[in-house]
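The next block holds one structure in the form of structure tokens; read it before the comments.
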Amino acid sequence: MGKRLRSQRRGAGKPSYISPSFKHKGKIRYPSIKEGRGIVEKLIHNPGTTSPIAVVKLEDGRKFNMLAYEGLRTGESIRFTQESIIEPGNILPLDAIPEGTPIYNIEHEPGDGGKFVRAAGNYATVISHGDGVIVKLPSGSQKKLHPQCRATIGVVAGGGRKEKPFMKAGKKYHAIKSKARIYPITRGVAMNAVNHPHGGGRTGLGTPSTVSKGAPPGRKVGNIGARKTGKR
């Protein structure tokens, strides 16, 4: 009887596959206000994200964490507004943002605090307005969102983090460990047949690499629920 697959072990929720809580310095989401102003108190390093975090203090004394944008400094003013005041760091709804403006930390539904475009160096672009706002994501795909979904003007800080190469395996291990992933990862085709569905053959997988979304955990490896198969 073979060992349990990596996907099965991950589902058990053991410490090896859980990002430790001390590497996350708090939730990053917008507060529930429409108009207001805040001051950036400090910038902190957050190992759980690729971008630094800015701690912003609002006029009513509340504090919240936001992803820093390129060029942010302590003491700068962050503004929540419903008007088209396009300055880096301002947080406003999509219907008030002109076409071509770089934005990040975009809400999926109004009030959810921000879901899209949160990795360092990334930004999305507003394409058009209508009954919904069309946003072009960093992947190149376009998404239609509610006009009252909020976003931050600017580009996420921390871009260029991939330009410095990993000179040794230990650096790569610790970098990936903070994201609750495992390094190094053995290829399935390099395993025995009892250890992985792709193992046991000397040439290729031996079985189709596409599996259905309803496949059991022991078989759910490869291209899960692939929309396209074969050569392009």
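Only residues that are under 16 Å from residue 156 (Cβ atoms) and either without any contact (Cβ under 8 Å) to a residue 12 or more places away in the chain or touching a Lys or Arg at 6+ places or on another chain (Cβ under 9 Å) (or both): list them for region 92-119, please.
Result: 104, 105, 106, 107, 113, 114, 115, 116.
How many residues are at pLDDT 90 or above, in a loop (DSSP other than H, G, I, E, B) and closer than 21 Å to residue 22 by Cα when one looks only at region 163-180?
Residues meeting the conditions: 0.
Scan 65, 46 and give me the residue that is under 23 Å from residue 156 (Cβ atoms), of a type outside the set (A, V, I, L, M, F, W, C), surrounded by 12 or more Cβ atoms within 10 Å (Cβ to Cβ) and in contact with a helix residue (DSSP H, G or I) (Cβ under 8 Å, 6 or more places away or on another chain).
Checking each option against the conditions leaves just 46.
Kindly establish whether residue 213 is of a type outside the set (Ser, Thr, Tyr), touching a Gly at 6+ places or on another chain (Cβ under 7 Å) and under 30 Å from residue 135 (Cβ atoms).
The answer is yes for residue 213.
Exactly one of these conditions fails for residue 3: (1) assigned to a loop (DSSP other than H, G, I, E, B); (2) under 30 Å from residue 192 (Cα atoms); (3) within 23 Å of the chain's Cα centre (by Cα). Give me its number.
Going through the list (1) assigned to a loop (DSSP other than H, G, I, E, B); (2) under 30 Å from residue 192 (Cα atoms); (3) within 23 Å of the chain's Cα centre (by Cα), residue 3 breaks only (3).
Could you give every pair whose Cβ atoms fall below 9 Å, whose first residue belongs to region 52-77 and is more than 20 Å from residue 117 (Cα to Cα), and whose second residue is assigned to a strand (DSSP E or B) and of a type in the set (Ser, Thr, Tyr), counting only separations of at least 6 or pairs across chains?
none
Has region 2-22 got at least one residue that is surrounded by fewer than 19 Cβ atoms within 10 Å (Cβ to Cβ), closer than 25 Å to residue 143 by Cβ and free of Cβ contacts under 8 Å to residues at least 60 places away in the same chain?
Looking for residues that are surrounded by fewer than 19 Cβ atoms within 10 Å (Cβ to Cβ), closer than 25 Å to residue 143 by Cβ and free of Cβ contacts under 8 Å to residues at least 60 places away in the same chain, one finds none in region 2-22, hence no.
State whether the residues of region 88-104 include one that is within 25 Å of residue 19 (Cβ to Cβ), touching a His at 6+ places or on another chain (Cβ under 7 Å) and surrounded by fewer than 19 Cβ atoms within 10 Å (Cβ to Cβ).
Scanning region 88-104 turns up no residue that is within 25 Å of residue 19 (Cβ to Cβ), touching a His at 6+ places or on another chain (Cβ under 7 Å) and surrounded by fewer than 19 Cβ atoms within 10 Å (Cβ to Cβ).
Considering only region 78-87, how many residues are of a type in the set (A, V, I, L, M, F, W, C) and in contact (Cβ under 8 Å) with a residue 60 or more places away in the chain?
Result for region 78-87: 1.
Determine the pairs where a residue that is at positive phi, located within region 158-169, has a partner that is in a loop (DSSP other than H, G, I, E, B) and polar (S, T, N, Q) with Cβ atoms under 8 Å apart, the partner being 6 or more residues away or on another chain.
Taking only residues 6 or more apart or on different chains, the pairs are 158/50; 158/51.
Hey, among the residues in region 169-193 that are out of contact with any helix residue (DSSP H, G or I) (no Cβ under 8 Å at 6 or more places or on another chain) and of a type in the set (Ser, Thr, Tyr), which one's nearest to residue 223 (Cα to Cα)?
186
Please note which strands (runs of 3 or more DSSP E) are completely contained in region 43-137 and include at least 2 residues that are of a type in the set (D, E, K, R) and under 30 Å from residue 181 (Cβ atoms).
Correct list: empty, since no element meets the threshold.
With the requirement that a residue be more than 22 Å from residue 120 (Cβ to Cβ) and basic (Lys, Arg), what does region 47-92 give you?
Within region 47-92, 57, 62, 63, 79 qualify.
The values are calculated or read from the model by the stated rules, or taken from the named source; none is laboratory data. This is a predicted model, so every value here is computed, not measured. Heads up, the Cβs are rebuilt from the backbone with ideal geometry, glycines too, and the neighbour counts pull from every protein chain shown.
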